[in-house]
């Protein structure tokens, strides 16, 4: 087999940033630059994927055509069909890796990567503690250089990553007001700096409350969407990270830094997301936020690098 640095790689997704970044993080950890293909499915596959098989060229928009890659990284429900199709058309020469639970037998792929809180298991299933992502030592160092002004803020520096309403959670005004009170207490009692970012899911009313409570100052940076996104800089300079419970991806980003990570509870929950929270607390990676924070240590949870190592070993073994 050719060396890993020279293999051809496709990333095929539905185009959702979160799922695509999981694949890109693995590709980056492999040291390869993938070709990214964003697809949609035509009917009836669009409705019945991943359970309807029998994929053909007409299943995909745009069509998927050879030459087929050495390695295929897919994520998301619609990409299951693409992985199955490419594996068949390449006669098994393409090493297929699906990230996230495909909801079908893992035997349809060479490797399936699922988080602990999903049920699929098997000989070719790698179970992760958190989601793969683009957080690496190199990216954090680059962010420290790009956002070096954050170093001027007094320690401890607390990155506050705020999501919002999701399928499992609500972002109530009561929750936001309580968080504001807790953050103000941390600033006062510990002379802490706050690096705050929120999302569209936070909601305009909640966003207005947060921005009024925390205007930019010598102790606060609140990113309002203008200029370069300092998200990676926040992670690079944070002494602590606070992140709302709704986002597995943001929590996984925080855990990849190795910094003390506190999860802000929100009203709601569900079986899978509750299992995720319990698992990362049982492993000593994260704690639930109740207004207080103490420092603790754990090894950065770098799932992209771990997945890349498994892929590298399996592909080298296959090519012997």
Remind me, relative contact order of segment 137-288 in percent, using alpha carbon pairs under 8 angstrom and six or more residues apart? 30
Shape call for segment 137-288, from the Cα gyration tensor axes a ≥ b ≥ c (a/c under 1.5 means rounded, otherwise prolate when a/b beats b/c, else oblate), comes out oblate
Going by how many other beta carbons lie within 10 Å of each one, how would you line up 141, 123, 28, fewest first? 123, 141, 28
Once you put a point 7 Å from the Cα of residue 229 and another 7 Å from the Cα of residue 201, both along the Cβ direction, what distance in nm separates them? 1.4
Between residue 312 and residue 43, what's the calculated FRET efficiency when r is the beta-carbon distance and R0 is 35 Å? Round to 0.05. 0.35
log10 I(q)/I(0) for the chain, Debye formula on C-alpha points only (no solvent), q = 0.09, 0.13, 0.14 Å⁻¹, two decimals, reads -0.51, -0.97, -1.09
If you count the DSSP beta bridges with both ends in the chain, what percent of them are antiparallel, to the nearest 5? 10
Quick check on the exposure proxy: order 161, 73, 48 from fewest to most C-beta atoms within 10 angstrom. 48, 161, 73
Compute the distance in nm between two label points, each set 7 Å from the Cα along the Cα-to-Cβ direction, one at residue 57 and one at residue 181. 6.5
By count of other Cβ within 10 Å, fewest leading, how are 280, 7 ordered? 7, 280
Let me test this: with uniform point scatterers at the alpha carbons of segment 215-320, what is the Debye-based log₁₀ I(q)/I(0) at q = 0.12, 0.23 1/Å? -0.53, -1.29
Shape call, segment 248-304: gyration tensor on alpha carbons, a/c limit 1.5: oblate
Report, in whole Å, the centroid distance computed from the Cα atoms of segment 199-242 and segment 39-89. 39
What number, rounded to the nearest 500 deg cm²/dmol, is the helix-based mean residue ellipticity at 222 nm of the chain, given -39500 (n - 2.57) per DSSP H run of at least four residues and division by all its residues? -10500 deg cm²/dmol
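Values quoted throughout were computed directly from the atomic coordinates according to the rules given, and no laboratory measurement underlies them. This structure is a prediction, so every number in the text was calculated from the model and none was measured. In this analysis, Cβ positions are derived from the backbone assuming ideal geometry, glycine residues included, and neighbour counts consider all displayed protein chains.
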